[in-house]
1. Scanning for something in a helix (DSSP H, G or I), of a type in the set (A, V, I, L, M), without any contact (Cβ under 8 Å) to a residue 40 or more places away in the chain and out of contact with any His (no Cβ under 9 Å at 6 or more places or on another chain), does the stretch 211-225 turn up at least one residue?
2. In this structure, is ALA114 within 13 Å of the ligand (Cβ to nearest atom), over 24 Å from ALA89 (Cβ atoms), under 16 Å from the mean Cα position of the chain (by Cα) and crowded, with 23+ Cβ neighbours inside 10 Å?
3. Check off (1) buried (at least 22 other Cβ atoms within 10 Å of the Cβ); (2) more than 18 Å from MET1 (Cα to Cα); (3) among the polar types (S, T, N, Q); (4) modelled with pLDDT under 95 for ASN147 and give me the number that stays unchecked.
4. Here are some conditions: (1) under 19 Å from THR235 (Cβ atoms); (2) out of contact with any Asp or Glu (no Cβ under 6 Å at 6 or more places or on another chain). GLY107 meets all but one. Which one does it not meet?
5. When residues of the stretch 124-145 are filtered for being charged (D, E, K, R) and in contact (Cβ under 8 Å) with a residue 24 or more places away in the chain, how many remain?
6. If you check every pair at least six apart or on different chains, which have Cβ atoms under 8 Å apart with a residue in the stretch 34-59 that is part of a loop (DSSP other than H, G, I, E, B) and among the basic types (Lys, Arg) first and a residue that is open to solvent by 20 Å² or more (accessible area, probe 1.4 Å) and modelled with pLDDT of 95 or more second?
7. For a quick check of your reading of the model, give me the residue pairs whose first member lies in the stretch 82-97 and is away from the ligand (no atom under 13 Å from the Cβ), whose second is in a loop (DSSP other than H, G, I, E, B) and aromatic (Phe, Trp, Tyr), with beta-carbon atoms closer than 6 Å and at least 6 apart or on different chains.
8. Could you list all residues from the stretch 119-141 that are open to solvent by 20 Å² or more (accessible area, probe 1.4 Å), in a loop (DSSP other than H, G, I, E, B) and either among the aliphatic types (A, V, I, L, M) or away from the ligand (no atom under 13 Å from the Cβ) (or both)?
Amino acid sequence: MLLTKFKLIRLMSGILETANFLFLKLLFKKPQNIRLFPGRIFRNYMSLVGQDKWLCKSIFELFPGISGKRIILEHLTGEGIETPLDELAYLALITAVKKPENIFEIGTFRGRTALNFALNSPENCTVYTMDLPPNNKNDVLEEAGKNDKLIIKKSEPDIEYKGKGVEYKIKQIYGDSTKFDFSPYYGKMDIVFIDGAHHYNAVIIDTKNAIKMIKQDGVIIWHDFAIYGDYNDVTRAVLDCIPSNRIIQIDSTTIAIYFPNPNS
Ligand SMILES: C[S@@+](CC[C@H](N)C(=O)[O-])C[C@H]1O[C@@H](n2cnc3c(N)ncnc32)[C@H](O)[C@@H]1O
């Protein structure tokens, strides 16, 4: 995957890297989906090769204790965002195996991932989830990319966990993550999940704050990694913050993780 901020060059190189006969068939049969082809092929390539610009491993290699774990999933329609069920299951499995006391999510949207963290964590876990204040989202729109602008307008934090049995675990926080003071949470989080703004500056700031919030034996998770389109900024920003040989993509997904202590 070519990591450049120039989208057109990136997409052209993505086509050169991945195009084959199936690419042409898709182009004729369903041209509206052609932009997804390079990313999907590339992520499968990563899963098969295991190491390129970063590492790629199966969930069993990453968390040997995960075998036999049971998880609960509440699958909800994306309402404009696409989180495949396997990605939701991996987040739930990581939660089940880590048994976290504290999780921090940047980017609630409607609360689906916060709900699933709550469903799979111990009773005493607190899931902090942050999104923009509903009546004050305009400040960030100027810097936001095209997809983020649509998502920000549609976000309704809490709608998907309100009234559910595990709601008591979830603490909704409102703020702009690029300006928020995270210091009360430093060193306290078992899991930090970064899924807020996807432009370069925001991911750099969110990642630096996540590094300060995570415990030594915790895990930082990014969504929307290894994507060719607008969200490619996530990959570039993560690799600019953390050495690439410490970033591990989970099998064929857009999830990347980092263990501050590789032996934890
Ligand atoms: C992709 S969605 C999160 C999806 C959610 N984690 C899920 O899978 O259900 C990104 C969210 O980040 C929020 N967001 C965007 N920029 C932000 C910022 N600077 N600070 C806090 N939240 C932000 C958006 O309002 C949106 O709801």
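The values are calculated or read from the model by the stated rules, or taken from the named source; none is laboratory data. Please read all numbers here as calculations on a predicted model, not as lab measurements. Cβ sites come from the backbone with ideal geometry, for glycine too, and all protein chains shown count toward neighbours. Areas reflect the complete protein model, heavy atoms only, side chains present, ligands, DNA and RNA absent. Shrake-Rupley method; radii C 1.70, N 1.55, O 1.52, S 1.80 Å.
1. Quick first cut of the stretch 211-225, residues in a helix (DSSP H, G or I) only: 211-213.
Now drop any that are not of a type in the set (A, V, I, L, M), which leaves 211, 213.
Among the residues that remain, those that are also without any contact (Cβ under 8 Å) to a residue 40 or more places away in the chain are: none.
No, the stretch 211-225 contains no residue that is in a helix (DSSP H, G or I), of a type in the set (A, V, I, L, M), without any contact (Cβ under 8 Å) to a residue 40 or more places away in the chain and out of contact with any His (no Cβ under 9 Å at 6 or more places or on another chain).
2. On the way: within 13 Å of the ligand (Cβ to nearest atom): yes; over 24 Å from ALA89 (Cβ atoms): no; under 16 Å from the mean Cα position of the chain (by Cα): yes; crowded, with 23+ Cβ neighbours inside 10 Å: yes.
Judged against the criteria, ALA114 is not a match.
3. Exception for ASN147: condition (1).
4. Among (1) under 19 Å from THR235 (Cβ atoms); (2) out of contact with any Asp or Glu (no Cβ under 6 Å at 6 or more places or on another chain), GLY107 violates only (2).
5. Going residue by residue through the stretch 124-145, those that are charged (D, E, K, R) are 131, 137, 139, 142-143.
Among the residues that remain, those that are also in contact (Cβ under 8 Å) with a residue 24 or more places away in the chain are: 131, 139, 143.
The qualifying residues number 3.
6. LYS53/LEU239; LYS53/SER244
7. Sorted first by the residue in the stretch 82-97, then by its partner, the pairs are VAL97/PHE63.
8. PRO122, GLU123, ASN124, LEU132
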